[in-house]
Structures are given as C-alpha cells and as structure tokens.
Amino acid sequence: MHELSLANEICRIAEANAGPAGPAAVRQVAVEVGDQSGVEPESLTFCLEVLLSQPPFGSATPRLIRQPGDVLRVSYLEVDDGRPDD
Amino acid sequence: MAVRTIDVREKVMARNDELATEVRQRLAQHRVAALNLVSAPGSGKTMLLERTLERLGGDLTLAVITGDVQTQNDADRLARHTDQLVQAVVTGGACHLDARQVLTALDAVDLASTDLVFVENVGNLVCPASWDLGETAKVVLFSVTEGEDKPLKYPKMFRQSRYAVLNKIDLLPHVPFDLDLAVRHAHTVNPALEFFFTSALTGEGLDDWCAFVRRCARSARN
C-alpha cells in the first residue's frame, strides 16, 4: 500500500506550492504517473481523493496524467485564489 | 474569480532522494558499504543473513537494519546468531523502508567501527523498488520454490538491483524449477544482473556469496 505514502508526499508538495491562498484554495492536483513507476493509478487516485478532501485542503481533486516511463511528479496545481479574473 | 494554474514539476520522491543522499554521504564519510536486501516474503533473507553473520562475524563488523512490518522477529533471530548490532525498524504496516527510517537507524550504528551495513527490507517485491535508501546496491533474492518468471512479474525490482541471489537451491531436485530459464528471464529485464546461487540451509554457494560481501566491504574502504 505504498500509494498512501506517495499520496501523503504529493499532498505535502501541493501544500508547499499552493501560494498565499493556501491549500484550502487548491481545486486540482495534477500528477504525472509513468507506466513503469511502480504505482497503481486507481489506488493512488483513491488515496488522493481521501486526503485532498480533508483539511488543510478544501475540496481538491486529483488528476492523474498517465505517461510512458518511470516518471512520478506533481505537474501543476489549479488554485482558486479568490481574486477577480485578470 | 479565476482558477490559476501553478506549475510545480516536482518529483514525488524528491524528499526521499535528498535523505538517501544524506545516507550515502554518511556511509561514504566512514567508507562503509550498504547492501539493501529485497525479496518477496519467505525467500530467505533473514536466514541468509544469519548464515552470513555466522561466517563473517569473526573478522568483519556487520551492522544489520531490519525492516519488519509488525514484529521484531527478524531482529530477534539475527540477534541470536551474532552480537553485532541489529537495529530494527518496525514499519507499523508500511510495505517498504524509506530513506528517513534508514537515516534514523544509522544514528544507532557506530559506523566508525563498521565494515558493512545490511538493510533487510520489508518482504515485498513491489514497493521497496521505488525507494532509494542510499544503499551501495540492491540485492534481490528469490528462491526455487517461487516461479521462474518472478523477474518478469516484478521487472522494476530486478532492474533496480545490481545483484541477485537465487536461494534454496537444495530443493532443486524436488521442485519443477528451471534455473537456466529463471536466469534468462532475469537477464531479459536486467542484462547486467550478477547472480549468486545459494542454499542458506546447507551452506551451498555461501563461499561465493561471503567472498562477495568481503569484496564490497573492502572496496568501500579503498
């Protein structure tokens, strides 16, 4: 069940990169997952759904981007920071 | 209101890799090699270590960090066969060791008087492949009571390992196991994999294995 460890680390990275609005403003966490990364995508999605729906997050959802190779990285965050449109 | 995109592009394992680098630096500072033993449960990691400690414990100081999911049984078994340090990590359910656990365990190891550190990982051929522990090399064990296709089923672990031990070869006359096929499968996923063939029970093959452990300790010293 190492997907839970990975999900915890993904949440740590998301929290650290959320910016001034903080983790509660994160709407989506995009993660690139390689087919050789040793990660079971459905299990990782499940773990992330649980963690991202709890404080310090508000109602963020995961988006897994499947790729060839062994990549495993947080690609980007979508954040609703409450500011008006540019 | 706008939803903004923040580029992150950060490796999920980045923090673990930093800690693994710390482990590597600490080992290098004391010129100590570390072998990370990985296998499925029941392949014989603990027994191979018991026999290794018995044979080499007289003239090498071998430290062992064991990772057990819920008990300290492996550490207790090893402690019976050696008065060398055995540092147990009970993972409390986790399926692998990570670099932070190894770094913490190393605090209790007197590296200045240690020749080589064995890490006995949690029995699992999937998860430990993803965690760099700062080891010199991973050694993957499997046994003749398992399938010849184990390397094909768990390619990441066999690719990440530099050495392989095929254990329980005393059982070869009794089980339908094609040794050549197993080695071919392993070399399909990792052509550079170097093999040892052992029976921790009868001692067959342990001379070669122990000579290898000595070489590892010596090359780290030089």
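The values are calculated or read from the model by the stated rules, or taken from the named source; none is laboratory data. Since we're looking at a predicted model, the values are computed, not measured. Cβ placement follows ideal geometry from the backbone for every residue including glycine, while neighbour counts extend to all protein chains displayed.
Brief remarks follow.
- Test for A:A25: is it out of contact with any helix residue (DSSP H, G or I) (no Cβ under 6 Å at 6 or more places or on another chain), within 12 Å of another protein chain (Cβ to nearest Cβ) and without any contact (Cβ under 8 Å) to a residue 24 or more places away in the chain: no
- Considering segment B:92-118, and only residues there that are of a type in the set (S, T, N, Q) and either surrounded by 17 or more Cβ atoms within 10 Å (Cβ to Cβ) or assigned to a strand (DSSP E or B) (or both), the residue that is farthest from the other protein chains (Cβ to nearest Cβ) turns out to be B:T114.
- Elements of type helices (runs of 4 or more DSSP H) in segment B:131-222, at least 2 residues being among the small types (G, A, S): B:179-189, B:206-221
- The numbered conditions (1) surrounded by fewer than 16 Cβ atoms within 10 Å (Cβ to Cβ); (2) more than 8 Å from chain B (Cβ to nearest Cβ); (3) at pLDDT below 95; (4) closer than 23 Å to B:P155 by Cα are all true for A:P20 except (4).
- Filtered residue count, segment A:28-38, keeping only those that are within 8 Å of chain B (Cβ to nearest Cβ) and over 26 Å from A:G82 (Cα atoms): 3
- Here A:G58 meets each of (1) of a type outside the set (D, E, K, R); (2) away from chain B (no Cβ under 12 Å); (3) closer than 30 Å to B:V69 by Cβ; (4) within 13 Å of the chain's Cα centre (by Cα) with one exception, condition (3).
- For segment B:57-77, taking the residues that are in contact (Cβ under 8 Å) with a residue 40 or more places away in the chain and aliphatic (A, V, I, L, M), the one that is nearest to the other protein chains (Cβ to nearest Cβ) is identified as B:V69.
- Hey, B:L53 part of a helix (DSSP H, G or I), under 23 Å from B:R215 (Cβ atoms), in contact with a His (Cβ under 7 Å, 6 or more places away or on another chain) and not acidic (D, E) or not: yes
- Residues located in segment B:14-37, provided they are within 7 Å of chain A (Cβ to nearest Cβ) and buried (at least 21 other Cβ atoms within 10 Å of the Cβ): none
- Candidates B:A137, B:A200, filtered to the one that is crowded, with 19+ Cβ neighbours inside 10 Å, in contact with a strand residue (DSSP E or B) (Cβ under 8 Å, 6 or more places away or on another chain) and at pLDDT 95 or above: B:A200
- Among the residues of segment B:155-174, those identified as buried (at least 23 other Cβ atoms within 10 Å of the Cβ) and in contact with a Leu (Cβ under 6 Å, 6 or more places away or on another chain) are B:M157, B:A164, B:V165, B:N167.
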